[in-house]
1. Can you pull out every residue in segment 58-90 that is touching a strand residue (DSSP E or B) at 6+ places or on another chain (Cβ under 7 Å) and not in a loop (DSSP other than H, G, I, E, B)?
2. Residue 644: touching a helix residue (DSSP H, G or I) at 6+ places or on another chain (Cβ under 9 Å), more than 9 Å from the ligand (Cβ to nearest atom) and either within 22 Å of residue 504 (Cα to Cα) or not in a helix (DSSP H, G or I) (or both), yes or no?
3. Looking only at segment 101-112, decide whether some residue is in a helix (DSSP H, G or I) and surrounded by fewer than 18 Cβ atoms within 10 Å (Cβ to Cβ).
4. Report yes if residue 191 is out of contact with any helix residue (DSSP H, G or I) (no Cβ under 7 Å at 6 or more places or on another chain), assigned to a helix (DSSP H, G or I) and within 19 Å of residue 142 (Cα to Cα), otherwise no.
5. The conditions are (1) loosely packed, with under 14 Cβ neighbours inside 10 Å; (2) touching a strand residue (DSSP E or B) at 6+ places or on another chain (Cβ under 9 Å); (3) assigned to a helix (DSSP H, G or I), and residue 396 fails exactly one of them. Which is it?
6. Looking at segment 580-636, which of its residues are assigned to a loop (DSSP other than H, G, I, E, B), near the ligand (Cβ under 8 Å from one of its atoms) and in contact (Cβ under 8 Å) with a residue 60 or more places away in the chain?
7. Looking at residue 544 and the list (1) touching a helix residue (DSSP H, G or I) at 6+ places or on another chain (Cβ under 6 Å); (2) assigned to a helix (DSSP H, G or I); (3) away from the ligand (no atom under 16 Å from the Cβ), which single condition is not satisfied?
8. Run residue 497 past the list (1) under 27 Å from residue 600 (Cβ atoms); (2) modelled with pLDDT of 85 or more; (3) out of contact with any helix residue (DSSP H, G or I) (no Cβ under 9 Å at 6 or more places or on another chain) and report the number of the one that doesn't hold.
Ligand code: ADP
């Protein structure tokens, strides 16, 4: 081997030669390594490769390989790209440089070829191309900048989001995109990047070329050079304006829905018209973002049209007094006539408003009305009971969304007002009824007192047995009548919240014994056995009412045990309370009857023939409750009942 051949043989670059017929005449070690095989000198044609392909993967016929062409056409076929397959199945990408060789006479003697393995670079190229394609096709803005904040690359997504073309923006400072108020953010971002920290999904605002602001989600990562030095930053910005707006809309809808529910619940529970209107006016003014809202209420809706300002929000009602008869303004007509919502972007441009060109009839210091929204409130009966009105000094403040929501609220208000009016009427009737009962009771009691007095005078005179029995019976009946009238009066007083209590301290044992004594005297049909503590039991209570409660219970025990003849009355005390009980062996009450026994006007089935109004137990319960006590019953149907109440011995409140 010549010295020169030795140099070639040891060169790290693959080299081989062919004679003018194309037979391989020489190859070095690097070529063998590249081909993965050693060709046979003088036998292999044009090349030592096992298989050859075009760069796009098509098989390349051997006689058209660059070396073959060089020999055929006697010209160099330099820097051609081929792909070879080695016997082990692996592929390499090569750049080849075949050149013809001529002797001193210019005759073709052969050719040499240099093979450069570009497989790695090739793969990198593909990766780069793919990356570039991804960056280009991304919907997000992908931007890089150096550490001075100068923009160094700009994809199509960035162009779409920010409006600048690549040519316009590359080389410009990144602050071009940052609103003045947010410039500090950039310093913080650069500081993070210099520390090698990534900024992830940071929501902020950026400027579009056209001047408007865009809401973006930013991810900024450091860019490092081959030596791991941070040389810049890549920014991915996603335009989330629509997304944020959609979220805001959903949030607003949810809030509105919640307010709507709250209003609905609030007003359906209320029966006071003023409270309903106040709440509705305040809530709707808030929902619409109006500078002020008002409710005009038609006080006398059935007979006339008499709309008066009822409540306002954001403005004092007094301000509206300037509008003497609001319904006379043409602008109010659609509302007071119940023609539906009226929403004006700018009321000042509406001819109907010409009568009050600036302030909607308000004093000067109040905001001008420019945006206008009104909604009639129509009752089930079709009567326009009022209207909701909103105003704002800026134009276009009210949207169709506001109109919808105010419309739903107006329907709820109408239902609530219907109920409130109904309630008002019932309250009025009830007051009239109470008044009637009070007068009637008084009128009944006057003759009753006289009759009782006359009867008592008669009992003092000489009588025979029959006369005495009749007198006693008459007195019992008069007493019953008296109790009934009292019960009626008391019930009506309780209903009106007017039942008064006179609290005094007295001995309960004494009272029980007194009452039992009277019963024994007047009711011979039953034996009344009483049991009271030996020592006095002092309580603070309304003696007369407690007496009434006890009489009711003992009276019932006798009345509802026609076939028995024993009633047990007991009073016993514990440390802090006393219990009074009345036990009978009469008709008793079922479970269900026991549940209802204390209701007003309740009379159990099965007591037919026994007279009563169904008020005694109701009143007894009210009396006991008002003394902080509790009235209960335990009973067995057909076997008898025990009614008992417990009272605290000393009372904190009265
Ligand atoms: P009234 O006796 O005027 O009907 P009350 O309010 O005193 O009204 O009693 C309500 C109902 O409870 C009575 O109609 C009766 O059906 C039942 N009741 C009350 N006390 C007794 C009792 N001791 N035994 C059985 N039922 C009773």
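The values are calculated or read from the model by the stated rules, or taken from the named source; none is laboratory data. Only a predicted model underlies this, so the values are computations on that prediction, with no experimental measurement involved. Here the Cβ positions follow ideal geometry from the backbone for every residue, glycine too, while neighbour counts run over all protein chains shown.
1. 59, 62, 66, 67, 70, 71, 80, 81, 82, 83, 84, 85
2. Numbers: touching a helix residue (DSSP H, G or I) at 6+ places or on another chain (Cβ under 9 Å): yes; more than 9 Å from the ligand (Cβ to nearest atom): yes; either within 22 Å of residue 504 (Cα to Cα) or not in a helix (DSSP H, G or I) (or both): yes.
In short, yes.
3. Within segment 101-112, not a single residue is in a helix (DSSP H, G or I) and surrounded by fewer than 18 Cβ atoms within 10 Å (Cβ to Cβ).
4. Considered against the rule, which asks whether it is out of contact with any helix residue (DSSP H, G or I) (no Cβ under 7 Å at 6 or more places or on another chain), assigned to a helix (DSSP H, G or I) and within 19 Å of residue 142 (Cα to Cα), residue 191 comes out as no.
5. Failed condition: (3).
6. Result: 613, 615.
7. (1)
8. (2)
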